[in-house]
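First up is the structure itself, then whatever we jot down about it.
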Amino acid sequence: RHYYEVEENWSGEFFRQDDKENHYPPTWIDLEKQEIENHIITYKGDQCMSYRIDENSNLIGFAGYSTTGIAIDGKEYKLIEKPGNILFAKIHPERILPDIKECWILYSNVSGRFTFPTKLGPIDRIIVLDKTLTYAEKELTLEDTERFIIEDWLKERYICLINYK
């Protein structure tokens, strides 16, 4: 559903007045086998959603709010067990240091088991960034390249998964 279909019901002042009833457009997204850019998408979430697939149709990037994942062309990617704000993306090679082969970033505002949507290569280092995103606060190990447990202290933290050359 596109916002041009939503009746604004607003008198037209520059600012909406808090003392008057306002009818804001809905932010919930409910796509069921919707064709978008030559792909069939099924998704339930809030506000916005973005995904990226590679040349082999592997999901290599996703961001969504109040969601557990997405289905693309009939392939379901359940990334986290309970709805939350999640991000998973492969960092483009031009944006990483020369000695790094691959770098992935992960974020979730809910704890639980995060299932990677694509098979990761070997992960040499996992870095938890500080809340300002300026330095590595902690280093972790990854025993399973198919999933990662987001503990309570890792909620709302950016996690980098690094594979060196």
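Values quoted throughout were computed directly from the atomic coordinates according to the rules given, and no laboratory measurement underlies them. These numbers come from a predicted model, not from an experiment.
List of remarks:
- If the chain linking Lys165 and Tyr135 were pulled fully straight, counting 0.36 nm for each residue of separation and taking away their Cα-Cα distance, it would gain 8.6 nm.
- Taking amide H as placed 1.01 Å from N in the peptide plane, Tyr77 has its amide H under 5 Å from the amide H of Ile70, Ala71, Ile72, each at least 5 places away in sequence or on another chain.
- Relative contact order of the chain, taken over Cα pairs closer than 8 Å and 6 or more residues apart, is 16 percent.
- Pairs over the 24 Å Cα-Cα cut-off, from the set Lys131/Lys165; Lys90/Lys138; Lys78/Lys101; Lys75/Lys101; Lys75/Lys131: Lys131/Lys165; Lys78/Lys101; Lys75/Lys101; Lys75/Lys131.
- Option label - volume of the Cα convex hull per residue in Å³ computed here, alternatives (1) 138; (2) 174; (3) 119: (2)
- For the chain, a Gaussian network of Cα nodes joined below 10 Å ranks Glu55, Glu76, Glu143 by mean-square fluctuation, and the top entry is Glu55.
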